[in-house]
1. Take the conditions farther than 19 Å from residue 97 by Cβ and either part of a helix (DSSP H, G or I) or at pLDDT below 85 (or both) and apply them to residue 70. Does it pass?
2. Determine which single condition residue 213 fails, assuming it passes every other condition in (1) part of a loop (DSSP other than H, G, I, E, B); (2) within 30 Å of residue 25 (Cβ to Cβ).
3. In the list 215, 248, 257, which residue meets the criterion of being within 27 Å of residue 143 (Cα to Cα), in contact with a strand residue (DSSP E or B) (Cβ under 9 Å, 6 or more places away or on another chain), modelled with pLDDT of 95 or more and surrounded by 16 or more Cβ atoms within 10 Å (Cβ to Cβ)?
4. Which residue is surrounded by the fewest Cβ atoms within 10 Å (Cβ to Cβ), if the candidates are limited to segment 91-110 and must be farther than 18 Å from residue 319 by Cβ and in contact with a strand residue (DSSP E or B) (Cβ under 9 Å, 6 or more places away or on another chain)?
5. Against the conditions (1) at negative phi; (2) within 18 Å of the chain's Cα centre (by Cα), where does residue 103 fall short? Just the number, please.
6. Considering only segment 229-253, how many residues are touching a helix residue (DSSP H, G or I) at 6+ places or on another chain (Cβ under 9 Å) and more than 21 Å from residue 190 (Cβ to Cβ)?
7. State whether one or more residues within segment 174-187 are surrounded by 18 or more Cβ atoms within 10 Å (Cβ to Cβ), assigned to a strand (DSSP E or B) and modelled with pLDDT of 95 or more.
8. I'm trying to understand the selection: among the residues of segment 275-331, which are more than 28 Å from residue 131 (Cα to Cα), without any contact (Cβ under 8 Å) to a residue 40 or more places away in the chain and either in contact with a strand residue (DSSP E or B) (Cβ under 8 Å, 6 or more places away or on another chain) or not in a helix (DSSP H, G or I) (or both)?
């Protein structure tokens with residue numbers, strides 16, 4: 001069998017192309033909304049518009065879980081690309097400019113009709129937890145035709161966010177990309193995204209982990225939800241035989257990485273301050289995958305993830321503000 005050609009892209013992500021609107025709120029405001037604190041709730045366009053007006057001024061920047069990951073990986077020297085759908089509107093222009101300016105290849109043409117570009121209202125409480133209300137907008141129009149086979153084949157890792165499993169067309173796009181990547185001998189990575197997302201799609205996610213996923217990203221709540229247990233050790237025992245690598249983030253308790261027949265305990269890196277936990281898991285995946293595609297060992301990959309996560313929680317927003325390469329260099333001497 002002929003080995004695959006060397007990839008020109010390290011990480012290709014499929015995800016929801018979303019513009020984040022971040023604002024500080026108090027617990028009373030969260031309690032007054034039909035949402036789960038710390039989770040993500042899907043909302044319709046009318047609700048999104050009403051909340052957007054009610055919450056007042058906020059910081060607007062391109063976001064989306066998988067997009068955050070490839071931006072962070074690009075900052076660490078990885079060659080990255082992104083597939084996601086925006087509309088040809090103001091927010092779509094913000095998203096496109098931001099992700100390309102970060103060094104990520106983004107070629108998906110914008111929609112000229114249909115719903116507006118997706119928006120995520122990220123409400124940050126004083127304890128630094130974030131509660132998200134997301135209008136998926138144009139991102140739900142992502143479909144199999146948006147998946148460029150040549151780009152998938154040319155990418156060392158195909159990275160998928162669990163959130164994208166909600167829209168049927170996007171689900172088919174992900175299935176198509178997985179088939180192409182596996183046929184080309186490339187690695188498939190999946191983030192479980194959110195415990196409520198796992199609850200909605202448990203059977204499908206279990207099938208993906210059983211058959212297609214090489215690298216699995218989850219936090220403790222997500223992996224225990226997947227295997228319907230309260231015990232992390234039990235969940236790890238279930239998943240480790242099925243994938244090459246599994247990384248479990250545990251907030252201030254760091255992370256656990258299993259792979260290559262070994263277990264690695266990664267301590268959390270100290271943040272200057274904890275302002276907003278938005279994007280912590282996304283940036284852990286960014287650091288890990290950047291290290292993995294650079295040929296680093298699993299422990300150092302985990303440390304890169306921890307450094308990137310600590311940086312992003314030290315300020316408002318899910319995109320790093322400091323020089324990640326310099327931070328990683330300082331921590332991994």
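1. Here the answer is no, as residue 70 does not meet what is asked.
2. Here residue 213 meets the rest and fails (2).
3. Result of the check over 215, 248, 257: 215.
4. So the residue we want is 107.
5. Among (1) at negative phi; (2) within 18 Å of the chain's Cα centre (by Cα), the lone unmet condition for residue 103 is (1).
6. So the answer is 3.
7. yes
8. The answer is 295, 296, 297.
The values are calculated or read from the model by the stated rules, or taken from the named source; none is laboratory data. Owing to the predicted nature of the structure, the values given are computational and were not obtained by experimental measurement. Please note: Cβ atoms are built from the backbone with ideal geometry, for glycine as well, and neighbour counts cover all protein chains shown.
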